[in-house]
Number of protein chains: 6
Amino acid sequence: MKRLVYITRKEHFNAAHKLFNPAWSKEDNEAVFGRCANENWHGHNFDLYVTIKGNPSEDTGFIMDLKKLRDVINEHVIEQLDHRNINMDVPWMSGKMASIENLAMGIWDQLVPHIHHGQLHCVKLWETHNNYVEYFGETLEE
Amino acid sequence: MKRLVYITRKEHFNAAHKLFNPAWSKEDNEAVFGRCANENWHGHNFDLYVTIKGNPSEDTGFIMDLKKLRDVINEHVIEQLDHRNINMDVPWMSGKMASIENLAMGIWDQLVPHIHHGQLHCVKLWETHNNYVEYFGETLEE
Amino acid sequence: MKRLVYITRKEHFNAAHKLFNPAWSKEDNEAVFGRCANENWHGHNFDLYVTIKGNPSEDTGFIMDLKKLRDVINEHVIEQLDHRNINMDVPWMSGKMASIENLAMGIWDQLVPHIHHGQLHCVKLWETHNNYVEYFGETLEE
Amino acid sequence: MKRLVYITRKEHFNAAHKLFNPAWSKEDNEAVFGRCANENWHGHNFDLYVTIKGNPSEDTGFIMDLKKLRDVINEHVIEQLDHRNINMDVPWMSGKMASIENLAMGIWDQLVPHIHHGQLHCVKLWETHNNYVEYFGETLEE
Amino acid sequence: MKRLVYITRKEHFNAAHKLFNPAWSKEDNEAVFGRCANENWHGHNFDLYVTIKGNPSEDTGFIMDLKKLRDVINEHVIEQLDHRNINMDVPWMSGKMASIENLAMGIWDQLVPHIHHGQLHCVKLWETHNNYVEYFGETLEE
Amino acid sequence: MKRLVYITRKEHFNAAHKLFNPAWSKEDNEAVFGRCANENWHGHNFDLYVTIKGNPSEDTGFIMDLKKLRDVINEHVIEQLDHRNINMDVPWMSGKMASIENLAMGIWDQLVPHIHHGQLHCVKLWETHNNYVEYFGETLEE
């Protein structure tokens with residue numbers, strides 16, 4: 001019997017962004033996004049939780065070495081987002097709204113090719129004390 | 001491909017309650033509920049997390065505007081519970097035990113008619129630092 | 001050289017209260033205290049931090065055994081406040097407004113006769129995530 | 001209609017451990033486990049969340065009395081782990097790597113025979129501010 | 001005997017900034033400020049704690065009504081910083097380095113004329129999970 | 001006018017220790033230290049806050065560059081305590097009781113020779129969720 005366990009690593013980054021749809025007028029952006037549309041940007045301390053699932057190895061007791069998970073998250077996510085402007089400095093967010101929904105899906109896509117032990121289960125991203133987003137790699141049936 | 005994402009908004013309220021079954025004697029209430037049966041009430045800072053799931057809009061990057069979710073939670077839940085007595089002041093808790101299990105299901109029922117973008121996924125309610133309840137709208141098969 | 005060190009123990013309690021001055025009309029109470037004047041009470045999870053200062057013993061490394069400090073706080077404070085109504089159930093708060101300012105000074109007065117190793121330095125009391133009070137035993141010169 | 005609700009109780013314990021595979025050389029242990037292989041041990045404040053699911057009783061509003069859940073967790077888990085050495089002092093961890101993955105599964109096995117109201121749903125264990133593990137009783141299909 | 005008590009209110013704001021001295025070259029800025037000098041900005045969730053000291057009123061139990069303190073902080077600080085760019089959008093930070101040290105002193109200067117009950121005691125500002133600044137209105141003797 | 005500001009940096013480490021006075025019998029140690037005397041050790045996640053006070057530079061807005069403060073704390077404190085046994089592995093704790101009071105004073109002594117901008121003001125050390133110690137470099141007059 002192989003048991004399925006979930007392990008989570010937390011990292012964080014600080015970044016600037018704004019919510020602004022360039023196809024809309026300034027007035028429409030302010031009506032929809034309010035203060036988040038401020039043209040001079042605002043920013044957040046983002047807390048990122050990455051969850052891997054799998055069966056722990058008998059030799060190590062690990063699903064995946066958390067030091068390696070930390071290094072993967074840092075190389076492919078934190079290095080690209082920390083002390084950056086999400087709208088301007090991050091190629092894989094270019095042309096998308098800089099919402100945390102889109103950011104969480106983008107982080108998933110960055111990580112998934114680099115998880116070789118266990119399987120990526122969840123990307124959870126806190127933007128403020130009062131809101132967070134989760135993505136589990138699911139799609140909606142149509 | 002439409003991706004399914006989960007977004008959560010946190011609110012809080014402060015309220016009084018007691019755990020007391022009026023069909024039982026005072027002694028039985030104290031035997032079962034201990035200090036929670038104190039007839040002069042006690043209270044808590046409740047932390048409420050409401051999770052919506054759905055596919056983010058391309059125009060906004062949002063499943064549902066969190067400002068609107070905040071307003072729905074405030075109008076239909078917080079306004080009715082904050083600085084109230086759950087046993088005495090809340091019509092939709094009347095006649096029920098004021099446990100967090102029942103409170104979480106009651107909050108679900110208050111919210112579900114007002115979620116029009118995405119779908120209500122979870123109501124999570126912290127009562128103290130040491131306990132919380134979650135309701136996902138599930139029923140038990142019999 | 002004897003060094004002065006400060007040690008803090010955290011405890012918590014859950015209680016009901018209201019802010020209501022019986023010398024005033026209901027309208028005046030609502031005008032000043034707002035929702036906190038709700039006649040049917042509300043409540044909080046209170047976090048209490050008690051700080052003792054003194055010189056650690058060479059034999060134990062302790063200013064005061066924290067297990068004993070915990071027992072003093074529990075006997076003289078928590079036992080009297082936890083799952084109680086601060087206005088109705090606590091003799092040493094009787095006849096005073098149930099504000100956290102008054103509660104912190106009352107807790108100081110409960111503790112100070114029972115601290116025999118080191119000296120009581122601070123009572124800090126959180127009422128919600130957003131406010132706390134501190135009392136250091138100071139008086140204002142007039 | 002019986003609704004399915006999830007209730008969680010948090011407890012904590014402080015313990016020492018090391019990650020060290022006795023079948024390997026000291027050098028191999030250090031190469032894989034780094035600082036966690038320190039032969040003189042290190043330790044953590046562990047936060048344990050135990051989740052039970054079930055249908056709340058009409059009489060009490062409870063799935064399971066949280067005071068009883070607390071007592072079960074304390075008797076069968078905390079009493080055996082708190083202020084202990086996980087590698088040396090805990091019979092049911094003997095011969096296994098002292099990883100949090102293995103610890104969470106061990107805690108599950110300790111608890112499951114003692115949950116008689118509702119059903120054990122999840123054991124979640126935080127080891128540091130930056131990592132935690134979850135076990136839901138699942139097995140991998142082969 | 002009038003007792004001296006300290007009361008603290010927490011608020012928060014989200015803002016963008018950069019640490020960049022315009023009198024220096026880009027290289028010098030990067031050498032001193034590292035990632036914080038990113039020309040496209042970064043940002044934070046700032047937590048602000050404002051402490052007032054004074055003697056509680058017998059009628060209210062309050063040093064100062066916390067609802068009024070909240071309103072003062074919101075009007076004179078949060079409204080001007082939340083979802084703003086500290087370097088570009090805040091007149092009273094103009095021409096100064098946007099460090100949290102300078103920001104805390106600026107917030108003190110904004111608040112002090114508006115505290116009429118009790119006395120402003122401390123402005124404490126968290127920038128990340130790992131650093132905060134405090135200003136008590138003190139000056140260094142020379 | 002030079003203003004005096006306080007800046008704090010948080011770091012953390014995980015370590016094992018026991019409270020055991022070798023001049024006493026095992027029974028006396030257990031009577032005084034209880035579970036903390038377990039001969040096979042226990043451990044904690046320690047949170048360390050180091051506060052520096054001084055006047056911010058006009059050029060940088062800094063009292064002391066927090067990156068440098070982080071490096072000083074890591075080189076002289078964290079490197080020596082993290083994933084170690086405080087009783088066995090740390091030369092400057094040798095021959096002292098491994099209490100957090102003694103540990104905080106030891107950390108102060110490690111840091112003070114390396115603070116060249118501003119002045120060391122406080123070492124604050126959390127051992128569990130429920131207790132912490134502070135040392136401000138003060139001595140008791142005799």
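The values are calculated or read from the model by the stated rules, or taken from the named source; none is laboratory data. Bear in mind the structure is a predicted one, so any value in this text is a computation, not a measurement. Neighbour counts are summed over all protein chains in view; Cβ atoms, including those assigned to glycine, are modelled from backbone coordinates with ideal geometry.
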*In segment F:20-34, what count of residues is obtained for those that are at the interface with another protein chain (Cβ under 9 Å from one of its Cβ atoms) and touching a helix residue (DSSP H, G or I) at 6+ places or on another chain (Cβ under 7 Å)?*
2
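Going by the conditions given, is D:LYS67 basic (Lys, Arg), within 25 Å of F:THR128 (Cβ to Cβ) and free of Cβ contacts under 8 Å to residues at least 24 places away in the same chain?
yes
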_Checking the structure you have, find out if any residue of segment A:35-47 is surrounded by 17 or more Cβ atoms within 10 Å (Cβ to Cβ), away from chain E (no Cβ under 14 Å) and under 17 Å from the mean Cα position of the chain (by Cα)._
no
_Pull out all pairs, ordered by first then second residue, where Cβ-Cβ is under 6 Å, the residues are six or more apart or on different chains, the first lies in segment B:126-142 and is in contact (Cβ under 8 Å) with a residue 60 or more places away in the chain and closer than 28 Å to F:HIS129 by Cα, and the second is of a type in the set (Val, Ile, Thr) and not in a strand (DSSP E or B)._
B:GLU127/B:ILE100
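Do the conditions hold for F:PHE62, that is, is it surrounded by fewer than 18 Cβ atoms within 10 Å (Cβ to Cβ) and either under 30 Å from D:PHE20 (Cβ atoms) or not acidic (Asp, Glu) (or both)?
Details: surrounded by fewer than 18 Cβ atoms within 10 Å (Cβ to Cβ): no; either under 30 Å from D:PHE20 (Cβ atoms) or not acidic (Asp, Glu) (or both): yes.
So F:PHE62 does not fit the description; no.
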_Can you tell me how many residues within segment C:70-117 are in contact with a strand residue (DSSP E or B) (Cβ under 6 Å, 6 or more places away or on another chain), surrounded by fewer than 18 Cβ atoms within 10 Å (Cβ to Cβ) and without any contact (Cβ under 8 Å) to a residue 40 or more places away in the chain?_
1
_Please count how many residues of segment E:86-125 are of a type in the set (Phe, Trp, Tyr) and farther than 22 Å from C:VAL133 by Cα._
1
*asked:* Here is a check on your reading of the model: is C:ASP82 touching a Phe, Trp or Tyr at 6+ places or on another chain (Cβ under 6 Å), of a type outside the set (Gly, Ala, Ser) and at the interface with another protein chain (Cβ under 10 Å from one of its Cβ atoms)?
replied: yes
*Of all residues in segment D:1-19, count the ones that are part of a loop (DSSP other than H, G, I, E, B) and either of a type in the set (Val, Ile, Thr) or within 12 Å of chain F (Cβ to nearest Cβ) (or both).*
2
*Of everything in segment A:118-142 that's surrounded by fewer than 16 Cβ atoms within 10 Å (Cβ to Cβ) and assigned to a loop (DSSP other than H, G, I, E, B), which residue is modelled with the lowest pLDDT?*
A:GLU142
*Looking only at segment F:101-142, count how many residues are facing chain C (nearest Cβ under 7 Å) and either basic (Lys, Arg) or within 11 Å of F:THR51 (Cα to Cα) (or both).*
2
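In segment B:74-93, is there at least one residue being part of a strand (DSSP E or B), aromatic (Phe, Trp, Tyr) and closer than 24 Å to D:PHE62 by Cβ? Spell out how you get there, then give the answer.
Narrowing segment B:74-93 to residues part of a strand (DSSP E or B): B:84-85.
Checking which are aromatic (Phe, Trp, Tyr) leaves us with none.
There is no residue in segment B:74-93 that is part of a strand (DSSP E or B), aromatic (Phe, Trp, Tyr) and closer than 24 Å to D:PHE62 by Cβ.
From the list E:LEU48, E:LEU111, E:LEU103, E:LEU69, which residue is part of a strand (DSSP E or B) and either closer than 25 Å to F:LYS124 by Cα or at pLDDT 95 or above (or both)? It would help to see each step written out before you state the result.
On the way: E:LEU111 fails: part of a strand (DSSP E or B); E:LEU103 fails: part of a strand (DSSP E or B); E:LEU69 fails: part of a strand (DSSP E or B).
After ruling out the rest, the residue left standing is E:LEU48.
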